[in-house]
Amino acid sequence: MTENSIIVENLTYRYGELTAVDHINFEVGAGEIMGFLGPNGAGKTTTVKMLTGQLRPQEGKATLLGRDIVKETQAVRAEIGVCFEQTNLYEQMTALDNLTLFAELYGTKGFDGYALLKRVGLAGREKDKVSGYSKGMKQRLMVARSLVNKPKIIFLDEPTAGLDPVSSEAIGNIILEERDRGATIFLTTHDMWEADKLCHRVAFMDKGKIAALDTPHNLKLLYGKRALVAEIAAGTGLEKREISMDAPDTAHDIRELFKKEKVVTIHSEEATLEDIFIKVTGRRLIE
Amino acid sequence: MKTSVIKALLKKDFALFVSNRFYMLITIVGLVFYIGIYFILPAQMEEEFRLGMYAPVVPPAFNQLTENEGVDIEFFADEESLKQAVLDGDYVAGIALPPDIMQIWAEGGKPGITVYYPSTATAEISEVIVALVKELSYAQTGQAFKFETTEEILGPDMLGSQIALRDRMRPLLAVFILLVEIMTLASLIAVEIEQGTARALLITPLRISELFMAKGLLGVGLALGQSILFMALVGGFSQQPLIILATLIIGSIMAVGIGFLLASLTRDVTSVTGWGMLVLVLLTVPGFGTVIPGLISDWAKIIPSFYLTDTVSRVANYGAGWGDVGVNIIVLAVFSALVIWAGMISLRRRYQ
């Protein structure tokens, strides 16, 4: 992650009176997975639309791979892949034909649709019409479509929303494979667990602004409660004890606990990204 | 523009067209239906002989003729009503006698008799009318040529070149087949916008001009292919095939432009169908003027499809040349250029 793939400066977009994206600034390094988290209407999709040239920013600028998204839209589009939130495949065509069409539009040389479909777990269904696919299969095909041009930056807008765990995991694995290939990934999601697991850094977006941006680890350190929670045997049941990790006599308290009580379990209590989001914005991610 | 990109889009659009049962059904059934209509319609001309007459004073010999000879003559209260009835195609001819006909004959003069013909009248009809008037004159005065006739054609002058109904229907059917593709094209575009696939296309390095080119080629191909097939099967290229081909090409471009506009101004496939039917009916109206000359007034010339049907009709049925239909083709070409330009601008906004 030596250089930035995405640089955003004061990016702004308004729908009439409503400021959907309000002067946001951030950078995403090459090969980084950046999570963009926020509830519906926070401005995530509008940001993606501006970064992919679907909307023209009203203020500010953004460069992708060193190219201005407004002045060099076509060149930028050749280097990116986009997986939309809403399924928008040609349902009357086969999966293979869908991918081949986009490979031809990108001018991808030596494109192997079978191999790509195998990667997303659709081997054997290549020549089936997409209309017969399940939601999870369609979503995996959407992800596959965003990869036909071997993009340097991949935008994934809620790629696992409403999917079964198997499909979600399959998509998660593809994201990690693409990161390993060196692609930069811009992931918008509601799923805290997914973001925590996959992303190098996450940005919390609320009411068009970035409320916090850091690695999940740093956010947890910054906003989480540093404490140990121990479960001790108490008669026939269990009792919880909490020991602050930042108190001056933490070491003493732990020793005393083990000396005096029968400790059944002990673990550190970490805040989840959801907890931190609520702390930072005062709102829940899914309302 | 990259030809590989346009080729890929065309391949995709054609695959979607073929895989859509509704499009295929209306295309094949429509084509078979229109070809069937052509061959079902009579190849011969009608020979019914009904005359209209305006005669402020009816010479006694005329009354005898209608009573004894069984000639079907309808009398009109004024000359304008007679002309309108002839123009509407209700009579093979209309005869207007001067109010002082008896006085002129009595003074040994030659009264002027005006004969009105519809544009579909044959040369034979003209001869029959003159013979009839001659007979009336003889019956009344004892002399065959005691009159002078003025012949006036109402509507376009096609005297002597009357054609069968099915051939008069031919331009209307060809143009209708062509115009139906407005709805097919608009529906294909509307579905892409509605389902978000257009958005997926436009996120690639594809240029919007390439998208328009592919859609335009598909629309022209479908409209032109079918209208050419129809015209070829019904013998529509027997006269001046180049002019007809050029006219159909320009007409297909016009259909594409209207298809773009329709797709950009409607919300979904349902509204495309609703508004499309309205547009189709409006654009078909001038075509009825080729079936029944005189049926459509001059106002129909403001409908651009008039220049399409009129040109095909005049060339295919009356052998008109470049010089005869040049103005029509220029008007059609200018309108087609304007409508495709407006369609692209409007559709570009819709895509964005």
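The values are calculated or read from the model by the stated rules, or taken from the named source; none is laboratory data. Computed from a predicted structure; not experimentally measured. FYI the Cβ positions are ideal-geometry reconstructions off the backbone, even for glycines, and counts take in every protein chain you see.
Candidates in the stretch B:91-113 are the residues that are part of a loop (DSSP other than H, G, I, E, B) and under 14 Å from residue B:56 (Cα atoms); of these, the one that is farthest from the chain's Cα centre (by Cα) is B:100.
Each row is one residue, and each column tells you yes or no for (1) surrounded by fewer than 22 Cβ atoms within 10 Å (Cβ to Cβ); (2) under 30 Å from residue A:61 (Cβ atoms).
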site: A:79; (1), (2): yes, yes
site: A:84; (1), (2): no, yes
site: A:102; (1), (2): no, yes
site: A:105; (1), (2): no, yes
site: A:119; (1), (2): yes, no
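Okay, residues lined up against (1) facing chain B (nearest Cβ under 7 Å); (2) of a type in the set (Lys, Arg):
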site: A:56; (1), (2): no, yes
site: A:60; (1), (2): no, no
site: A:70; (1), (2): no, no
site: A:78; (1), (2): yes, no
site: A:86; (1), (2): yes, no
site: A:90; (1), (2): yes, no
site: A:96; (1), (2): no, no
site: A:100; (1), (2): no, no
site: A:103; (1), (2): no, no
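Only one entry in B:236, B:225 is of a type in the set (Gly, Ala, Ser) and touching a residue at least 60 places away in the same chain (Cβ under 8 Å), namely B:236. Taking the criterion of being outside any strand (DSSP E or B), at pLDDT below 80 and within 31 Å of the chain's Cα centre (by Cα), the only residue of the stretch B:49-76 that qualifies is B:49. Take the conditions assigned to a helix (DSSP H, G or I) and in contact with a helix residue (DSSP H, G or I) (Cβ under 7 Å, 6 or more places away or on another chain) and apply them to residue B:287. Does it pass? Here the answer is yes, as residue B:287 does meet what is asked. Cβ-Cβ distances below 6 Å connect the following pairs, each with a first residue in the stretch A:125-148 that is away from chain B (no Cβ under 14 Å) and over 19 Å from residue A:178 (Cα atoms), a second residue that is at pLDDT 95 or above and buried (at least 20 other Cβ atoms within 10 Å of the Cβ), and a separation of six or more residues or different chains: A:126/A:95; A:126/A:117.
Residues are listed down the side, and each one gets a yes or a no for (1) part of a helix (DSSP H, G or I); (2) buried (at least 21 other Cβ atoms within 10 Å of the Cβ); (3) touching a Leu at 6+ places or on another chain (Cβ under 8 Å):
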position	(1), (2), (3)
B:204	no, yes, yes
B:228	yes, yes, yes
B:231	yes, yes, yes
B:235	no, no, no
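Scanning the stretch B:9-42 for residues that are surrounded by 11 or more Cβ atoms within 10 Å (Cβ to Cβ), out of contact with any Phe, Trp or Tyr (no Cβ under 9 Å at 6 or more places or on another chain), within 18 Å of residue A:91 (Cβ to Cβ) and not hydroxyl-bearing (Ser, Thr, Tyr) turns up B:9, B:11, B:13, B:14, B:18, B:20, B:22. Kindly indicate the residue of the stretch B:89-104 that is surrounded by 21 or more Cβ atoms within 10 Å (Cβ to Cβ) and not aliphatic (A, V, I, L, M) and also modelled with the highest pLDDT among those meeting that condition. Going through the qualifying residues, I end up with B:94.
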